[in-house]
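Colleague: Sharing a structure here in structure tokens format.
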Amino acid sequence: MARYTGPVCKLCRREGKKLFLKGERCYTGKCALERRAYAPGHNGQSRRKSSEYGLQLRAKQQCRRYYGIQEGQFHKYFIEAERKQGITGENLLRICESRLDNVVYLLGWASSRAEARQLVTHNHFKVNGKNVNIPSYLLKAGDEIALKDKSKASEKFKAVIEANASRPVPQWLDLNADALTAKVIALPTREQIAVPVEEHLIVEFYSK
């Protein structure tokens, strides 16, 4: 599947907010958005009044870039969210949150979602005792995630986990920091999802 390989700091500048795509760098003065708080490109500093469609488009782009999801797959998630009971926008965010790469990031086992995606692809994790190397694998309530024994001994993993030890873990995940295992207690509610996006605008965008 195709994926974005360009400079990710441009994505934050385009959306006008931090998407935390580069891990620790996003929390320092080196963050591109802090140094150049305007959109990239020749006309980036010009002021433009956003239309209703423009606001909806930006909300959709922010959300899928935040999770690192390509357009086709994001649209499939929306269709799935529509079919579920409940509020479509909240269902959509819940699906994105339950991706394996996102959960690995939330547990502090990676410094960014891009790094988490790479680690999952390189087969470092097990779900319910089985090897899973698909970043888009959707976890369910009751699923157990574990770092492989061989990976636990890696100096790289030790450094990453130590660096992210102070990061708060969402309440819907139960982390055993000593055993490097975790369990999905339940899928998150909207209040437990820290994505800075107005999901109702995404619903309006796809409902046209």
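The values are calculated or read from the model by the stated rules, or taken from the named source; none is laboratory data. Worth saying up front: this structure is predicted, and the values here are computed from it rather than measured. Cβ sites come from the backbone with ideal geometry, for glycine too, and all protein chains shown count toward neighbours.
Colleague: Within region 77-96, track down each residue that is in a helix (DSSP H, G or I) and more than 15 Å from F205 (Cβ to Cβ). Explain how you work it out, then say what you get.
Modeller: To start, the set of residues in region 77-96 that are in a helix (DSSP H, G or I) comprises 77-83, 88-96.
Hits for region 77-96 are E80, R83, E90, N91, R94, I95, C96.
Colleague: When S50 is evaluated against the numbered criteria (1) polar (S, T, N, Q); (2) at pLDDT below 95; (3) assigned to a helix (DSSP H, G or I), which criterion, by number, is the only one it fails?
Modeller: For S50, the failing item is (3).
Colleague: May I ask you to list the residues in region 93-143 that are charged (D, E, K, R), free of Cβ contacts under 8 Å to residues at least 40 places away in the same chain and surrounded by fewer than 21 Cβ atoms within 10 Å (Cβ to Cβ)?
Modeller: K126, K130 - these are the residues of region 93-143 that are charged (D, E, K, R), free of Cβ contacts under 8 Å to residues at least 40 places away in the same chain and surrounded by fewer than 21 Cβ atoms within 10 Å (Cβ to Cβ).
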